[in-house]
1. Look through region 7-33, keep the residues that are closer than 26 Å to residue 207 by Cβ and charged (D, E, K, R), and return whichever of them is most open to solvent (accessible area, probe 1.4 Å).
2. What are the residues in region 114-126 that are open to solvent by 50 Å² or more (accessible area, probe 1.4 Å), farther than 14 Å from residue 88 by Cβ and assigned to a loop (DSSP other than H, G, I, E, B), if any?
3. Determine whether residue 137 is of a type outside the set (Gly, Ala, Ser) and touching a Ser or Thr at 6+ places or on another chain (Cβ under 7 Å).
4. Suppose we filter region 304-343 for residues that are open to solvent by 20 Å² or more (accessible area, probe 1.4 Å), in contact with a strand residue (DSSP E or B) (Cβ under 9 Å, 6 or more places away or on another chain) and not small (Gly, Ala, Ser); how many remain?
5. For the subset of region 264-290 comprising residues that are part of a loop (DSSP other than H, G, I, E, B), open to solvent by 50 Å² or more (accessible area, probe 1.4 Å) and of a type outside the set (Gly, Ala, Ser), which member is nearest to residue 206 (Cα to Cα)?
6. Scan region 248-271 and report the pairs whose first residue is at positive phi and whose second residue is modelled with pLDDT under 80 and in a helix (DSSP H, G or I), with Cβ atoms within less than 7 Å and a gap of 6+ or a chain change.
7. Report yes if some residue within region 308-318 is of a type in the set (Gly, Ala, Ser) and in contact (Cβ under 8 Å) with a residue 40 or more places away in the chain; otherwise report no.
8. Can you tell which of 185, 204 is assigned to a strand (DSSP E or B), open to solvent by less than 30 Å² (accessible area, probe 1.4 Å) and in contact (Cβ under 8 Å) with a residue 24 or more places away in the chain?
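The values are calculated or read from the model by the stated rules, or taken from the named source; none is laboratory data. Just so we're clear, the structure is a prediction, and the values are computed from it rather than from any experiment. Cβ sites come from the backbone with ideal geometry, for glycine too, and all protein chains shown count toward neighbours. We work out accessible area using only protein heavy atoms, side chains counted, and drop any ligands, DNA or RNA first. Shrake-Rupley method; radii C 1.70, N 1.55, O 1.52, S 1.80 Å.
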Amino acid sequence: MEVDSLDQLQRKQSTYLSFDENFEIQKEVYRGQQYSQIYFARLHMMRTLLYSLVPNWKSHLSVCTVLGLEEGKECIIVGTLYKHMKLKPCILDEYSKERSVAPLVKPHNFMHQDDYLVLEDESGRVKLGGTMLSPSVYVTGVVVALHGKETSAGAFFVEDVLEAGLPPQIERPLKSREEKYVVFVSGLSIGKSSSNPLQFQLLVDHITGHLGDEEEQGLAAEIVHLVIAGNSVEVSRGLLNGQNLASKDQSRLSEPFKELDIHLTQIAANLPLDIMPGSSDPANFSLPQQPLNRCLFPGSATYNTFRSCTNPHCFELDNIRFLGTSGQNIDDLTKYSEAKDRLDFLERTLRWRHLAPTAPNTLGCYPFTDRDPFLIDRCPDVYFVGNQEKYETRLVKGLEGQSVRLIFIPRFCETGLAVVVNMRNLECHALTFGTQFGS
């Protein structure tokens, strides 16, 4: 009788819709163009938005360009921030390091007390002063509106700041939904010396319903989707030296992918999964990273439940919008700005309406000519980032009733943690998988 009841257990389904076409590089052609065009596209889109917000912010003030500033006259200027950083790495230093007497310091954060901000538009640039705009919070590439006046020294004294704020969000009656779960995992790092294959197999067995009693399997049947947010494999850098590989080295190179494909085949046979590329995966380095080639997954790619996706990745499940990256955008922000809590970096990108504000300045990205794909035009319900040190989450509220669940997904290889999100109420919790052998 128990076997019959288990046979009747059916996995719940959800409606999936992908929005990755915005991050796909298809008709783009590289003709040696510079990165100024993506900055122009970003400024044009964000300035139009900020202009629409100014009347409700400071309706009594006029908006002018940097070139049109007059000393002592209060006004509003809109432009792109540039942060002058004393410790910012320079490629010329790499050439001069052999002649340098003092060793080059490589700090994890390049902030310095002498850093300052500059605002730039098509007409010119002006140095910013005052205490309203902290250089430790902002980074190069953020578009803002500033209220202030020009000083006798030629700087712009900032009295108030207007950011774009959270994008508009489609309101949904979440309370009427049934229990469905989405599982997020990142940093599997298969092939790394510290990777534990049994740990990942436990995760696979859990979400496919092969672990636990009937009650636990019933919970597993409510998992409708799995997202793998980057850094699934790790290949020894010694093998990637540009030389022809011996047969044994070719085997070492392909082994992590074979192992990953075996696990993903088990998952794809049971439920839909999305796999995103990360910094250690065999994909293009610059954002947006294009989907991993399906030939790497000869087993799992035969299932229509398997989807190789871009990084960043945007999709909807039952009209609930998910947006996330494999971590490069937040990791770069931590190098060039500061925050009390790492989740603040994630919240800032939402309020700036830009996934990767430091691209292309310090974060590699494709030189788009007529658009900036990283602009966030619609507020997600869940905003996730993979390959972080630890699991963290926060619920962010907007001025217009927006509600966003922020999630840091830890590296599974180091923590054994996966993150589960309840689609009914957007609450989330961590699943821990561990192995311990007795002596």
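1. Only one residue tops the list, namely 7.
2. Our first condition is that a residue be open to solvent by 50 Å² or more (accessible area, probe 1.4 Å); within region 114-126, this holds for 114, 116, 120, 122, 125.
When the remaining residues are screened for being farther than 14 Å from residue 88 by Cβ, the result is 120, 122, 125.
Selection gives 122 alone.
3. On the way: of a type outside the set (Gly, Ala, Ser): yes; touching a Ser or Thr at 6+ places or on another chain (Cβ under 7 Å): yes.
When the stated conditions are applied, residue 137 passes them.
4. Residues in region 304-343 being open to solvent by 20 Å² or more (accessible area, probe 1.4 Å), in contact with a strand residue (DSSP E or B) (Cβ under 9 Å, 6 or more places away or on another chain) and not small (Gly, Ala, Ser): 10 in total.
5. So, considering only residues that are part of a loop (DSSP other than H, G, I, E, B), open to solvent by 50 Å² or more (accessible area, probe 1.4 Å) and of a type outside the set (Gly, Ala, Ser), the one nearest to residue 206 (Cα to Cα) is 270.
6. Close Cβ pairs (under 7 Å, with a partner that is modelled with pLDDT under 80 and in a helix (DSSP H, G or I)) do not exist here.
7. Among the residues of region 308-318, not one is of a type in the set (Gly, Ala, Ser) and in contact (Cβ under 8 Å) with a residue 40 or more places away in the chain, which makes the answer no.
8. 185
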